[in-house]
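For reference, the structure discussed in these notes is given below.
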Ligand SMILES: C[S@@+](CC[C@H](N)C(=O)[O-])C[C@H]1O[C@@H](n2cnc3c(N)ncnc32)[C@H](O)[C@@H]1O
């Protein structure tokens, strides 16, 4: 950052008023550009950052850092797309239960008695394989079952399936799902989770992977790309690092389609039946 630019911004900051906040943001952006050039700031003034209720809840669930605030917010927003989709919800990889809490909260808001299924070893990550890079060790991110039970204690419809993925999946093989969150960081349990849940996802249902776009989780991305290479659905890669797929809804063909705009061709017009 040039000295002149820095001084100009500092003057705007000390002057106060509304512009001061924007000047601080610009200053932070320029400073970051020096320290970490590949980071890109998003546009100033995103309103999700003004959602103080959500921030307070997030802080309660994740007191140690704010780095997954955008992902947690995205998860809740994506669940809106499944509001009228039938089926339960599930999370593979729950750690202390933050995302599961948000999923259960949405389920409760809907009031349809959807069950939320929790799958985790409760002993941390399994052994990383050849596709998983060097970021993880087995046992990382371990939180006991009791911690998650406490986090989710206010919700009625929760079922726990402790064990190594995919051992306990058989317990829900007859269920259908509206929303599935996969967050196990590694190739094999991600592939096992997608392979099991995708066929059980209702039309319009969403499968969200928390790890898809992270350098630290190459195996998770590989698992999704391999699995969805041959399907109609493609993975939507979000700048938050998440990737999601929405199960296609087979659109019924109307026998007498109304053209866009609602206008029907007048009798005898070119192309209309005589
Ligand atoms: C990144 S944490 C999950 C974070 C959680 N979704 C949240 O929002 O707070 C990864 C979780 O995956 C679990 N896990 C990883 N590999 C597993 C496997 N093979 N079987 C079962 N659980 C596994 C770990 O125990 C850990 O709780």
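What follows is calculated from the coordinates using simple rules that are stated; it is not laboratory data. Note that this is a predicted model, so its numbers are computed, not measured. Cβ coordinates were reconstructed from backbone atoms using ideal geometry, including for glycine residues, and neighbour counts include every protein chain displayed.
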Contour minus Cα-Cα span, residue 142 to residue 84, at 0.36 nm per residue, comes to 17.5 nm
In the stretch 63-246 the DSSP beta bridges are antiparallel at a rate, in percent to nearest 5, of 25 percent
So, relative contact order of the chain in percent, Cα under 8 Å, 6 or more apart, is 15 percent
With -39,500 (n - 2.57) per DSSP H segment of 4 or more residues and division by the full residue count of the chain, the 222 nm estimate, nearest 500 deg cm²/dmol, is -10500 deg cm²/dmol
Most exposed to least, judged by fewest other Cβ atoms within 10 Å, 31, 3 sort to 3, 31
note: the chain, Cα-Cα separations exceeding 33 Å make up a percent value of 36 percent
Given all pairs of distinct Cα atoms, the stretch 115-183 yields a Kirkwood Rh in Å of 13.6 Å
Counted neighbours (other Cβ, 10 Å), sorted fewest up, put 190, 89, 151 in the order 151, 89, 190
Place a point 7 Å from the Cα of residue 6 in the direction of its beta carbon; the residues of the stretch 22-45 whose amide N falls under 13 Å from it are 27-28, 30-35
Put in order of increasing Cβ neighbours within 10 Å, starting from the fewest, 10, 207, 102 give 10, 102, 207
At R0 = 30 Å the Cβ-Cβ FRET efficiency linking residue 149 and residue 64, nearest 0.05, sits at 0.90
